[in-house]
Structures are given as C-alpha cells and as structure tokens.
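Following: one structure in structure tokens, then a few remarks.
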Amino acid sequence: MSSLLLSVDLEDVRDWVKDGARYREGVPENTRNYLEQFKRWGVRATFFVVGEVARRYPWLIKEIVEAGHELACHGDIHLQLDKLTPKGFRADMQRNLAALENAGGKGIEGFRAPTFSLTARTAWAHEVLADLGFTYSSSVLPAVNPLYGWPKFGKDARKVAGGLWELPVTLHGIPGLSVPIAGGVYFRVLPFFLTRWAIGKNLGKGQPVITYFHPYDIDCKQERFMHPDLGDKKYLNMLMYIGRDKVLKRLDILHRSFPFQAYKEYVNYLQAGASGPTS
Ligand SMILES: [Zn+2]
C-alpha cells in the first residue's frame, strides 16, 4: 500500500527569533487552515507537535485530535539531537509526551527529529525512542545536506534499534537533486510538474512518499524577519517566503490523483506484513 504520508510539523517560528513574541501569531490560524482543507479532502494527517506549542495552544491540539488526525512528537522545544545527550533526549521526549497528553493526545507512537537532525552521530536516539514505547520515527534525511543528513542510511523505511521503524524523508534522487520531494521549501520552490512526476514514480514502485509541511509554509501574512538557523544568508531567507500561496493549491491537485495517509496507518501496515531488515 503506497500513499503520500501527509504531515505538518507543528512549531512556532517566533520561538527561534529574538523577542519573537513581537511578531504576529500565526500557528492557530494556519493550523486551522490545514484542518479545514484536510476535512474538505477527507484525508487524515499526522501532526508532529513541539511540546511548547501544545502548552501554548492546548485547545488547538484538542481540535486536531477531535478532527481525527494523529498526534506525534517533534521535540519539547525543537532542539536538534546533536544538542542533546541520550539522557537529555529522553527527558525532552518525556516532556513532549506529557505536553501532548495533557492536551488530550493518546496513544502517541511517532517522532520526527527537529530539522531531520537524526544522523549517524545521533543514532542512539532510535534506542531511546524504542525504549519509551515509540513505534516509528521519521527523522532521517538520507542525503548529504549542509545542516543534517545521513546518506548511508538508505532511502527505504526499515527497522532499526528495538524494532522501531525509521521512515526517511523521500528524496527526488535525481543526480544533483537529492532533496525532499514534498517538504517545506522544496515543495514551494521546485517546479510542480517535477514534484508530481516524482510522487507518481515513487508510488508506482510501491513506495510511500514521506512529506513535511509547517504552519509557516502556508502563512502569506507573516512579517519578514531573518530566520536564525539560516546563518544570516539573505538568499536562503528569501526562499523561506516564496510560494506560500501555492502549497494548499498544489496539495489540492495532488489529493485528486494520489492517496494520502497518516503515518501510523502506514506503520501499522508495515508491522502487520513486513519484516524489514534490521540493523
Ligand atoms: Zn521542525
């Protein structure tokens, strides 16, 4: 069963900017916009939620749950894994889980590392997750990348420590274009015909397409400010704002051609039938 695995990484970019609270609040409005569209399309998604966001907007988390979507973890305060020790990561996950559960989340089994920061150096995170009862992670960017990447992981979903499934983000895989097919900036900036072709190609081979979107990806009203994780590069910062009006329109077109699914449904399918290679 191959589908496009639909996900929103629920985070508040204002938290990473100095005096971020002076900027317009965007998370509730943009999340509701996603929820409205998902309802219209009749699709279920996974929301990877930062603990801090759940504490700030517990009512929003409740709306996500009531709409039938899946909740999963995205770090308590969106710390990249190389900034944590195994012990610190465990505590961070426990806070993240508590924040989601306090907001009405139940049966949380999934995790996505902030900035896809799970690499060969932080592979210990898989063990911690398995130990805490998680069944899957979607945290690896299986390519060379200026920020994080684990090219040797391979592009396929497979079992890792403790029977946990890792679902690496799906890449174009064309020489010179080892970037995600349907995620954030790449989905907004790359030509849509290419995105559509790559999704069809993966699904045609029976492989799922792992995606990620953020509240800011559809926020056309957000003020311009430098995003701190871009190292003061104005060109990259400009890309943060391009094509935001296209995201929901493009997803609308895609859902007419391809099946969409939440992560947990796909992981259930893997667990039921497949016994992937272990490492
Ligand atoms: Zn994130």
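Values in this text are rule-based calculations from the coordinates and carry no lab data. Since this is a predicted model, take the numbers as computed values, not measurements. Methodologically, a virtual Cβ is constructed for each residue, glycine included, from the backbone with ideal geometry; neighbour enumeration extends over all protein chains shown.
Annotations for the structure displayed:
- Residues considered: 252, 217, 12. Largest GNM mean-square fluctuation over the chain, using C-alpha springs under 10 Å, is found at 252.
- Relative exposure of 90, 121, judged by other C-beta atoms within 10 Å (fewest first): 121, 90
- Among 92, 232, 131: highest mean-square fluctuation, GNM of the chain, C-alpha pairs under 10 Å: 232
- 3J(HN,Hα) along the stretch 131-141: 5, 7, x, 6, 9, 8, 9, 9, 10, 10, 9 Hz, from the Karplus curve 6.51 cos²θ - 1.76 cosθ + 1.60 with θ = phi - 60°, whole Hz, x for Gly and Pro.
- Burial order of peptide ranges 145-152, 182-189 (average beta-carbon count within 10 Å, highest first): 182-189, 145-152
- Calculated [θ] (222 nm, deg cm²/dmol) that DSSP helices of n ≥ 4 give over the chain, each run adding -39,500 (n - 2.57): -11000 deg cm²/dmol
- Structural descriptor for the chain: relative contact order 25 percent, calculated from alpha carbon pairs under 8 angstrom and at least 6 residues apart.
- Share, in percent, of DSSP beta bridges within the chain that are antiparallel, nearest 5: 15
- Gyration tensor analysis over the Cα atoms of the chain returns equivalent ellipsoid semi-axes of 24, 23, 20 Å (largest first, whole Å).
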